[in-house]
Amino acid sequence: MCSRFSFVASQEDIENQFGIDPDKPLRTSYNIGATQHAHIITNENPNRLQYVTWGLIPSFSDNGRNTGRLINARKENISGQTSFRIPIRKKRCLVLADSFYEWRSEGGKKIPYRIKLKSDKLMAIAGIWDEWNDGGYGLRSFTIITTEANQEMSSIYSRMPVILSTKEAQEKWLGEMDIAQTLDMLRTPPNDTLYMYRISSKINDLSFNNVLLHQNLAQ
């Protein structure tokens, strides 16, 4: 599961890594949780950064309410699950993050960790999006796709986001593919690509949004 992540980046970072010139100021956050907004790049418009709500609201929703339940989609059943089966085929996106957070169980307690790429690049996480429309108002939302943890991540938790690390993989994810090709891309990230460390338990408070959440408590 991936229930929190952060996005702290500059416009230059976006331009250099994704070739996109943001047309609006970036909205950074150290603590993004369910129903909050985040920056994504969709297959519909891969040259534009969009700011949409986290927690998929299916197009067939009765009321367009974001309950926060569909923040993750497991790769194992994504192609057949009612809320995800069309988006995985037609509406894919990259979710941008500089890190995500996970909790390790230690002696009956949940200890939070920050996980980032060793390369210090932004993560491009595989996601899907949808749009709910009431006839005059369109509301876009997304979910993050998860897979089995790689070796270093498994010391903390058994699941992790699918991270598309190369430019080729990112472009392919946003391109035309059949469902077999799409599912084949949902792989566990390679070992020895992540850096992780213990952080403050203040991460548990979703209203706490501060650089202290990136502080390594082991240092």
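The values are calculated or read from the model by the stated rules, or taken from the named source; none is laboratory data. Everything numeric here is computed off the predicted structure, so don't read it as measured data. For neighbour counting, all protein chains shown are included, and Cβ atoms are generated from backbone atoms with ideal geometry for every residue, glycine included. These accessible areas exclude ligands, DNA and RNA; they are computed on the full protein's heavy atoms, side chains included. Shrake-Rupley method; radii C 1.70, N 1.55, O 1.52, S 1.80 Å.
Return the pair list, or none, for Cβ contacts closer than 6 Å from residues in region 92-103 that are of a type in the set (Val, Ile, Thr) to residues that are assigned to a strand (DSSP E or B), at least 6 apart or on different chains.
Pairs found: Val95/Ile40; Val95/Ile125; Val95/Gly127; Val95/Ile144.
I'm checking my understanding of the structure. Among residues of region 179-203 that are in contact (Cβ under 8 Å) with a residue 60 or more places away in the chain, not aromatic (Phe, Trp, Tyr) and not in a loop (DSSP other than H, G, I, E, B), which one is farthest from Asn31 (Cα to Cα)?
Ile179
For region 56-91: of the residues being among the polar types (S, T, N, Q), at pLDDT below 95 and loosely packed, with under 14 Cβ neighbours inside 10 Å, which is farthest from Gly33 (Cα to Cα)?
Asn63
Can we say Leu186 is open to solvent by less than 60 Å² (accessible area, probe 1.4 Å) and under 30 Å from Gly80 (Cβ atoms)?
Here the answer is yes, as Leu186 does meet what is asked.
Specify which of the listed residues (Thr42, Thr53, Thr28) is open to solvent by 20 Å² or more (accessible area, probe 1.4 Å) and either modelled with pLDDT of 95 or more or not small (Gly, Ala, Ser) (or both).
Exactly one of Thr42, Thr53, Thr28 is open to solvent by 20 Å² or more (accessible area, probe 1.4 Å) and either modelled with pLDDT of 95 or more or not small (Gly, Ala, Ser) (or both), namely Thr28.
With respect to Arg4, is the statement that it is within 23 Å of Ser158 (Cβ to Cβ), touching a helix residue (DSSP H, G or I) at 6+ places or on another chain (Cβ under 7 Å) and at pLDDT 95 or above true?
Yes; evaluated as a whole, the condition is true for this residue.
Just to check your reading of the model, which residue among Asn72, Asn66 is polar (S, T, N, Q), under 19 Å from Thr182 (Cβ atoms) and touching a residue at least 24 places away in the same chain (Cβ under 8 Å)?
Asn72
Under the condition of being in a helix (DSSP H, G or I) and of a type outside the set (D, E, K, R), which residue from region 166-178 is surrounded by the most Cβ atoms within 10 Å (Cβ to Cβ)?
Trp173
Name the residue that is least open to solvent (accessible area, probe 1.4 Å), counting only residues in region 1-25 that are aliphatic (A, V, I, L, M) and closer than 22 Å to Gln215 by Cα.
Ala9
Take the residues of region 189-203 that are among the polar types (S, T, N, Q) and in contact with a strand residue (DSSP E or B) (Cβ under 7 Å, 6 or more places away or on another chain): which is most open to solvent (accessible area, probe 1.4 Å)?
Ranking the candidates gives Ser201 first.
Of the conditions (1) outside any helix (DSSP H, G or I); (2) touching a Lys or Arg at 6+ places or on another chain (Cβ under 9 Å); (3) open to solvent by 30 Å² or more (accessible area, probe 1.4 Å); (4) touching a residue at least 60 places away in the same chain (Cβ under 8 Å), Ala218 clears all except one; give me its number.
Against the list (1) outside any helix (DSSP H, G or I); (2) touching a Lys or Arg at 6+ places or on another chain (Cβ under 9 Å); (3) open to solvent by 30 Å² or more (accessible area, probe 1.4 Å); (4) touching a residue at least 60 places away in the same chain (Cβ under 8 Å), Ala218 comes up short only on (4).
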